[in-house]
Every structure is written in C-alpha cells, then in structure tokens.
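Read through the structure below, which is laid out as structure tokens, and then see the notes.
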C-alpha cells in the first residue's frame, strides 16, 4: 500500500488560514487522496478528497501537486472547532481491494 | 437524521467472554466496515462487507467475527481468542464500496477488560 507522511503536530492562530501538508511519494495513478479529521472520543469525519485537480468544498480546499507526490489541506479561516487530528489517506479504486489506511495523522491545535 | 449508531458507548469484557458491538445505519449504504483504534494510533481495518450475507477479513481479523444478515446492521463480536481487545472500535459505511465515496463513521465503542 502507498504510504503518506504528515507532521505529528501543528499550531495555528484562530481566524487565520491553515495549511496541512501531506507527502505521498509512492502514490499510484489510480490512488485518490482523502482527508478525514477526528475529534477526541469521536469517529473520523470526512473532509475532502480528490484525484488530480484541486478540490473545494464548504469545509476546506485540497491542493494537489502536479506530480501528485504531495498535497495540502487548506482550512481558510481556522476556528476553535477545527482543532482535531487530521488524517491524509490514499485509497485505491478496485472492487476487490479498496480500503483506507489511516496513519497517525497531524494533531492541529488552534490558538485563540 | 440519517447516520450510524454504535452501541454501547462503553463496554467491559471479562476474561474468556465474548462480547458483541452493535452497528446500525439508516443511510441505505451498501458497504460497512469495522476498525480498531489504539491510543495515539490510526485506524486498522478488522472486517468489511460489501453486500448483505457477504463479508471479508481486513488487516487484523483474528479474534473477531461479524455477520451481515441485514443491510442496515453489521455487528462485531470480539471473541475470547482476541487476547488484547482493549481499544476504541469504529464502524463506518459508504454508499458503494470501490467507488471512492466518503466513509461515514459512528461515534465508536470503547472496550475495556475487567
């Protein structure tokens, strides 16, 4: 399985943008890049996913490098509710073998 | 509101005892999953099911069993063969496995050994 590498922790000030990096140098052409976040004692929450093009939704933006070896999750204006562990995950589209492999993620702290 | 309900929130197991964790979804999703999370770690896949009456082992299936008799239900049994069952267990579902749809998670069951 292709692996992802994320910083263990990051801090950001409230109401400022946050850029969470993810490296995935062994990504294959059919791997999608997913981001989930998890609050303490809760299940993960889907944030965004993409294949090649940059993606935007109401929660965040996903910027994917041209060579797809890295990506960045962008929270445009951080709030205290955005404090969570953020997971960058690759998923392979194959009816026989799709799964999400979660690493240890990045713990994001928001400073008031 | 549609979603995934896991119960109980906390569960205690005695030595040699089997326990069953409940997972129910009213999202009309075809695929369902069970994950295990240990403190400070990511999630590891235990079992998954693409359709009713079908399920497959994940990465750490030993000591666990599942059933999928109804589309909306996917219970997980932690058997006495699982020697280190203390963990946070998460159930998830997705519309159609294999098409990169987001997974929806429940709020988990925390299992501890008495």
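Every read-out reported here was derived from the displayed coordinates using simple, explicitly stated rules and does not represent laboratory data. Note that the structure is predicted; figures quoted are calculated from it, not measured. Neighbour counts run over all protein chains shown; Cβ positions are idealised from the backbone, glycine included.
Observations on the structure shown:
- Scanning segment A:58-85 for residues that are free of Cβ contacts under 8 Å to residues at least 24 places away in the same chain and under 13 Å from the mean Cα position of the chain (by Cα), we see that the one that is farthest from residue B:107 (Cα to Cα) is A:63.
- When residues in segment B:59-98 are screened for being within 14 Å of another protein chain (Cβ to nearest Cβ) and surrounded by fewer than 18 Cβ atoms within 10 Å (Cβ to Cβ), 6 of them pass.
- Test: residue in segment A:13-20 that is within 14 Å of chain B (Cβ to nearest Cβ) and in contact with a strand residue (DSSP E or B) (Cβ under 9 Å, 6 or more places away or on another chain): no
- Yes/no for residue A:104 being under 15 Å from residue A:10 (Cα atoms) and assigned to a loop (DSSP other than H, G, I, E, B): yes
- Conditions (1) over 25 Å from residue A:105 (Cα atoms); (2) within 12 Å of another protein chain (Cβ to nearest Cβ); (3) in a strand (DSSP E or B); number of the one not met by residue B:22: (2)
- Residue B:41 vs. criteria more than 22 Å from residue A:103 (Cβ to Cβ), at the interface with chain A (Cβ under 9 Å from one of its Cβ atoms) and either touching a helix residue (DSSP H, G or I) at 6+ places or on another chain (Cβ under 6 Å) or surrounded by 14 or more Cβ atoms within 10 Å (Cβ to Cβ) (or both): no
- Screening residue B:12 against (1) surrounded by 14 or more Cβ atoms within 10 Å (Cβ to Cβ); (2) part of a strand (DSSP E or B); (3) over 11 Å from the mean Cα position of the chain (by Cα) leaves a single unmet condition, (1).
- When every residue of segment A:27-43 is checked against the conditions, none turns out to be more than 14 Å from every other protein chain (Cβ to nearest Cβ), assigned to a strand (DSSP E or B) and either within 24 Å of residue B:56 (Cβ to Cβ) or within 13 Å of the chain's Cα centre (by Cα) (or both).
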